[in-house]
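So the structure is just underneath, and the comments pick up after that.
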Amino acid sequence: MLYQFPVSFFCALLLSVFNVEGQNIDSLLRELSNHKKEDIERLQLLNTVSKELEYSNPKRGVETADSAIALAGKLGNQREAAYAYMRKGENYNSIGGLNNEALKNFKTALDYFEKTDSKREIASCLHGLGSLYSDIADYPQALTYYQQALTINKEINNKQGMGINLGNIGFVYYRLSEYSKVLDYRQQALKIQEETGDMKSVATQLGGIGQAYAGMGDYPKALEYFQRSARVDDQLSNKTGTSRTLGEIGNLYTQMGNFPLALEYLQKAKTIQEEIGNKRAIAIANQNIGSLYSRQGRYSAALPYLQTALDMAEQLNEYGLQASCLGSIGVVYHFLENYSEALIYYKSSLALDEKLQVKGHALLNINNIGEVYRDAPDSVLMMENVDPRERYDKALEYFQKAFALAVDIKAATSQRDIMRNIYITYEKHDNYTKALKAYKQFISLRDSITNNAKDKKIARLVLQNEFDKKEDSVKLQIQLSNAKLKEEKLIAKQQLQELQLNKKELLLTNQEKDLQKLAYLKTQSDLQNEQLQGREKEKQLTLSEKEKQLQLANVKTLTQEKHLNTLKQQQQWLYIVGGLALLGLGSIYLIHRTRLKEVRLRNEIAAEKIEKQQKEAEFQRKLGDISLSALRSQMNPHFIFNCLNSIKLYTTQNDTTAATEYLSKFSKLIRLVMENSRNDRITLRSELDALQLYIEMEVMRFKEKLAYTINVNDNVETDYIEIPPLLLQPYVENAIWHGLMHKEAGGRIDINVSMQKNESLLEISIVDNGIGRARSAELRSKTATKHKSYGMKVTSERIALINQIYRTGANVAIHDLIDAEGQPGGTEVTIQIPV
């Protein structure tokens with residue numbers, strides 16, 4: 001089945017650019033409540049409140065926008081009415097379930113702004129339309145609107161708008177897996193937002209670049225950018241951003257297969273969101289943790305998290321999140337083979353997908369429903385009013401519908417996986433002609449994806465070099481700008497010093513002129529002073545008396561001021577002591593609360609470690625038992641008896657050379673098997689060497705009836721890749737004894753080893769041109785001694801147990817081959833092991 005899309009914290013990445021604190025919303029609501037008069041000020045307040053409610057309470061945001069539209073109609077203010085329609089569209093888009101309403105309101109606002117040539121507002125409406133189409137996975141239409149908005153913002157030099165447009169274009173290209181374009185647009189946005197000092201958006205773009213590197217498989221570089229994003233958020237005390245980045249790092253470790261560390265980061269992100277009280281983010285965190293447990297096969301642990309996320313999404317009317325949670329729960333029940341419950345959840349999720357027009361998620365549910373109809377017991381189909389005899393027709397109907405959607409949105413990987421289901425279904429339905437046609441189409445899609453992966457790897461390496469150069473160039477420009485700024489500051493300082501010196505010289509010149517003027521005035525005043533001395537003596541007596549009274553008044557005033565200052569100081573000390581006491585009590589409470597949390601966390605971690613150690617010990621014991629069983633089944637007495645008979649035959653025929661060679665190969669094979677069985681994992685080369693020895697011995701026994709090839713692609717590092725020992729021989733033995741030996745002319749075996757999925761998956765195919773499984777089973781049923789392939793059974797059990805222990809996705813698929821005439825043409829065994 002196809003896994004549901006995980007709800008990444010990257011979805012919240014864009015929202016954080018516009019996120020506002022709850023206190024700001026509360027203050028605006030209070031201001032709106034106090035302003036009862038229906039005037040332009042209230043109208044603008046309504047539009048502002050509607051904008052701020054977009055992510056915290058979009059349903060109320062729609063109601064507020066409707067109030068603004070009604071008031072704008074009363075006041076005859078078309079411009080503010082257009083703003084209200086735009087805010088209404090934004091809130092509907094945030095709700096997610098009423099995209100037609102969002103589209104209608106955005107276009108109403110856009111029509112008015114285009115008539116008035118309001119370019120900034122036109123760009124905002126176009127950007128909103130782009131976000132709307134991005135949410136429903138119509139990425140070509142989203143890019144068209146984003147690019148139009150970017151062109152207008154460049155024209156009016158609106159750098160803030162340009163940064164947002166560039167970042168969202170990068171987000172769309174991330175959804176399309178075009179990581180070179182993601183890096184290009186994210187880097188442009190980052191440069192603009194660094195220039196404008198919008199550090200919150202800087203953290204957003206750093207996280208987006210980290211996402212691109214994660215998609216390219218460059219996990220160290222991705223981790224570096226996530227950490228840079230986290231540092232910026234920490235400096236801003238932005239808990240929302242910090243939790244977002246922790247979630248991204250958790251998703252990164254999930255991609256790397258480090259599930260314990262991934263869970264640790266996802267739990268940290270959830271804890272912060274719970275402290276903030278962001279219910280939507282908490283629901284997303286629960287869904288992510290549940291999906292992680294599901295991928296580990298821990299379904300009982302996954303269900304509570306997924307159910308909690310679903311309940312919260314329903315309370316918040318988050319339809320997109322509801323669809324994702326319903327689909328994820330359906331996958332869990334599907335794995336548990338509870339097909340009736342899985343079908344209920346898949347159909348509920350699909351209904352929301354169709355309402356939201358989210359094609360990418362809808363095709364996953366449609367495909368999974370098809371698998372249920374194909375694989376479920378007859379009783380489940382009858383409960384769905386489906387005739388069990390029509391199960392394959394019903395399944396193919398859903399597979400074809402899912403494939404059409406995958407073609408529509410150009411989802412190549414989904415096309416490949418769905419086509420695989422189609423050819424398997426035709427094969428089960430015994431329609432081998434259509435099965436062969438679908439199988440060829442599946443191979444074509446698979447090879448196309450493999451070639452694209454190689455091209456992307458080459459492009460990634462070239463892009464990495466160019467991006468590093470660009471980053472170094474930006475750093476150099478910043479250093480040059482800083483040096484130039486220092487030089488300009490030094491010049492300005494020198495000019496200031498010169499200006500101060502000029503002022504001092506001018507002041508001295510003015511003082512000399514004043515002295516000359518005073519000397520002249522003194523000469524003139526001396527003549528008058530003699531006349532005024534008599535009058536001055538009388539005035540001095542009067543002034544002395546007044547001065548004495550003034551001094552007494554000053555003494556009284558100073559005494560009062562001193563007393564007042566003393567009272568003020570006492571009051572200030574009282575405030576300081578009271579504040580310190582409150583601060584101390586608050587600190588003691590926080591410290592006590594933190595210690596309680598730490599104790600609970602340590603207890604939970606200790607309990608989880610004990611449980612994990614117990615399970616790992618049990619797995620190791622089972623692995624040892626199965627390894628011994630595999631050794632006994634692979635080197636069984638029947639094979640050794642046949643080998644000894646061959647040696648005896650060569651000896652009786654006096655063919656000592658052949659006997660010596662055969663005995664040498666036999667002893668070497670026994671030694672390799674014994675050595676390899678002591679280890680949990682061996683190199684691929686050691687496994688292939690043992691396999692080749694075994695086949696060569698069979699070739700010597702059956703001579704011209706058996707031919708073989710072992711092809712290893714150049715990109716396979718056989719000396720470094722490790723796999724479980726004694727894994728391939730049972731399948732080769734089964735092909736020889738049950739497929740080829742029943743053919744009179746004999747046959748051949750082709751073994752091909754290659755790397756798939758960006759060299760992260762080792763694929764080994766074992767193809768024979770024997771009589772096929774159906775004919776072989778028929779022959780065995782007619783013989784007196786029915787041989788049973790215990791080696792293949794034990795190998796399948798080993799693979800299942802290894803998947804549990806190492807949390808890998810190794811699997812084995814066996815398919816019957818059909819020749820050009822539609823007759824059985826052999827068997828293909830495909831073994832896939834993540835490396």
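The values are calculated or read from the model by the stated rules, or taken from the named source; none is laboratory data. For clarity, every value in this text was computed on a predicted model and none was experimentally measured. Cβ atoms come from the backbone with ideal geometry, glycine included; neighbour counts cover every protein chain shown. Protein only, heavy atoms only, side chains kept; ligands, DNA and RNA dropped before computing areas. Shrake-Rupley method; radii C 1.70, N 1.55, O 1.52, S 1.80 Å.
Remarks
- The GLU611 and LEU75 beta-carbon pair, evaluated with R₀ = 60 Å, returns a calculated FRET efficiency of approximately 0.35.
- Restricting the trypsin sites (Lys or Arg not before Pro) of region 681-745 to loop positions (DSSP other than H, G, I, E, B) with no more than 16 neighbouring Cβ atoms within 10 Å leaves ARG681, LYS743.
- Inter-site label distance for ALA658 and ASP117 at 7 Å from Cα along Cβ, in nm: 9.8 nm
- Amide H contacts of GLY747 (H built 1.01 Å from N, under 5 Å, at least 5 apart or other chain): LEU706, ALA707
- For the pair LEU176 and ASN385, label points projected 7 Å from Cα toward Cβ lie 4.3 nm apart.
- Whole-percent carbon and sulfur share, accessible surface of region 221-310, 1.4 Å: 48 percent
- Taking label points 7 Å from Cα along the Cα-to-Cβ direction, THR651 and LEU580 give a separation of 10.1 nm.
- Solvent exposure of region 652-729 amounts to 53 Å² per residue of accessible area, where only protein heavy atoms count and the probe is 1.4 Å.
- Gyration tensor verdict on region 104-197 (Cα atoms; rounded if a/c is under 1.5, prolate if a/b is larger than b/c, oblate otherwise): oblate
- Å² of accessible area per residue within region 146-242, as computed with a 1.4 Å probe and no ligands counted: 39 Å²
- Split the accessible area of region 698-743 by element, probe 1.4 Å, and carbon with sulfur accounts for 46%.
- Region 56-116 versus region 679-711: alpha-carbon centroid distance in Å: 72 Å
- Zone of ILE156's modelled label, taken as backbone nitrogen in region 116-132 under 12 Å from a point 7 Å along Cα→Cβ: 116-127
- Only protein atoms count toward the accessible area here, which uses a 1.4 Å probe; on region 328-373, the carbon and sulfur part of that area reaches 51 percent.
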